[in-house]
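Report on the following structure.
The values are calculated or read from the model by the stated rules, or taken from the named source; none is laboratory data. This is a predicted model, so every value here is computed, not measured. Here Cβ is always computed from backbone atoms with ideal geometry, including for glycine, and neighbour counts include all displayed protein chains.
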Amino acid sequence: MSHKFKPTSKHKFSFGLWTVGNPGGDPFGQPVRKKLTPVELVHLLAEVGAWGVNLHDNDLIPINATSSERQQIIDEFKNALDETGIVVPMATTNLFSDPVFKDGAFTSNDSKVRAYALQKTMNAIDLGIELGASMYVFWGGREGVDTDASKESIQSLKRFREALNYLCEYIKDQDYDLKFALEAKPNEPRADIFLPTTGAMLGFIETLDYPEMVGVNPEVAHEHMAGLNFVHAVAQALDAGKLFHIDLNDQAFGRYDQDLRFGSVNIKSAFFLVKLLEDNNYDGCRHFDAHAYRTEDYEGVKDFARGCMRTYLILKEKVDRWNNDSEIQSLLSEINADDGTMDQYLGKYESNKAAALKTQNFDRKSLGERGYGYERLDQLTMELLMGIR
């Protein structure tokens, strides 16, 4: 493999224990790979050149572990981190697998379940802090409905808000250096999940008591499941200063949650995503929330992990070429040419500007006849991605 696209710590590439540790089971078939321990997975990630490992609480510690078992697991995991140099940038809580959460966690209709979810999350936050995490992600996998008869939507949002406010207060009370990132998904495993898109999450955050502590964790597959443009969702998060974390994978539109290798389906979308992140100097974790094909053994899992990182770095180089391609940049200059005559009208509103603009005559026919050259621009982009330029 070319050293030109070899990952280093500066790229901040991470994988979850649940990703490279996925044994390859699905709703129609049993696992095809033996389950590796968290320690073995840390060493696997070090071997492929990853920087970080992320985890749910129960990816590391079984939900029914005793105190002594818990401590032994943590000690062994910390030793593996020290041996490999792998870091834990993000942690989260599994609030979806156990039957107790079948009606949700923070939005469950059972107050005992809601209280248990808070307890479990506080313990998992403590674990994340102990392992060095500075980011905490919330994916509400069961926070939704299978029938709208079951839950009143506004009440459910109030419950979710109350839980996040509670946990923000807990972070402040413990003096933890930690931020929260909310992850949206439209459906699966529930028929409908509350706050189904990144835009919905951004709107919800502004209703919290401490919105400055909370951002978003957009995922490629989740926006594509809804048929949306992921690049636009990430741009909105960046513009709002709320892109706290990001999940990279790939997904065919209109399918179930596939979690495919990054860039393996929608290469042009992946290119413009990398361009958006790199051009805007995104400095956060680049987390690959994806899974190897069920056909693979653990050598194939390593190929999968290397492929995610290599594709990102190849696209990063393509972004540099695109930004420095003389023909592309010349065309962009033509497209965005501005003679400055509208400066007197545009920008921040002023009453005199508005009055003057209302008297301005525009050659609507000429403006409507202009060609923008987007076909040529897109073709040049495709040729660059295909290796012709």
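Take TYR282 and decide whether it is in contact with a helix residue (DSSP H, G or I) (Cβ under 9 Å, 6 or more places away or on another chain), within 30 Å of ASP239 (Cα to Cα), assigned to a loop (DSSP other than H, G, I, E, B) and not assigned by TED's automatic domain parsing to the domain that holds LEU380. Yes; evaluated as a whole, the condition is true for this residue. Scanning the stretch 93-115 for residues that are touching a Ser or Thr at 6+ places or on another chain (Cβ under 9 Å) and more than 20 Å from ASP146 (Cα to Cα) turns up just one, THR93.
Every residue, every condition in (1) surrounded by 20 or more Cβ atoms within 10 Å (Cβ to Cβ); (2) closer than 21 Å to GLU169 by Cβ; (3) free of Cβ contacts under 8 Å to residues at least 24 places away in the same chain, yes or no:
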| position | (1), (2), (3) |
| --- | --- |
| GLU188 | no, no, no |
| ALA191 | no, no, no |
| PHE194 | yes, no, no |
| ALA200 | no, no, yes |
| GLU206 | no, yes, yes |
| GLU212 | no, yes, yes |
| VAL216 | yes, yes, no |
| GLY227 | no, no, no |
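Taken over the stretch 229-249, the residue count meeting the criterion of being assigned to a loop (DSSP other than H, G, I, E, B) and in contact (Cβ under 8 Å) with a residue 60 or more places away in the chain is 2. Exactly one residue out of GLY215, GLY199 is at pLDDT 95 or above, under 14 Å from the mean Cα position of the chain (by Cα) and in a strand (DSSP E or B): that is GLY215. The residues in the stretch 8-24 that are assigned to a loop (DSSP other than H, G, I, E, B) and either free of Cβ contacts under 8 Å to residues at least 40 places away in the same chain or in contact with a Ser or Thr (Cβ under 6 Å, 6 or more places away or on another chain) (or both) can be counted, and the count is 2.
Evaluated against (1) surrounded by 14 or more Cβ atoms within 10 Å (Cβ to Cβ); (2) more than 22 Å from GLN258 (Cβ to Cβ), SER333 falls short on exactly one condition, (1).
Being charged (D, E, K, R), surrounded by fewer than 22 Cβ atoms within 10 Å (Cβ to Cβ), out of contact with any strand residue (DSSP E or B) (no Cβ under 7 Å at 6 or more places or on another chain) and assigned to a loop (DSSP other than H, G, I, E, B) is a description that does not apply to GLU162.
Looking at the stretch 71-81, is at least one residue surrounded by fewer than 21 Cβ atoms within 10 Å (Cβ to Cβ), touching a residue at least 60 places away in the same chain (Cβ under 8 Å) and not polar (S, T, N, Q)? So far as the stretch 71-81 goes, no, none of its residues is surrounded by fewer than 21 Cβ atoms within 10 Å (Cβ to Cβ), touching a residue at least 60 places away in the same chain (Cβ under 8 Å) and not polar (S, T, N, Q).
Residues in the stretch 175-186 that are under 21 Å from LYS242 (Cα atoms), surrounded by fewer than 20 Cβ atoms within 10 Å (Cβ to Cβ) and among the acidic types (Asp, Glu): ASP177 only. Just one of the numbered conditions (1) under 25 Å from SER134 (Cα atoms); (2) within 25 Å of the chain's Cα centre (by Cα); (3) not aromatic (Phe, Trp, Tyr) is not true of GLU76: (2). Answer yes if at least one residue in the stretch 295-313 is assigned to a loop (DSSP other than H, G, I, E, B) and buried (at least 16 other Cβ atoms within 10 Å of the Cβ), and no otherwise. Yes.
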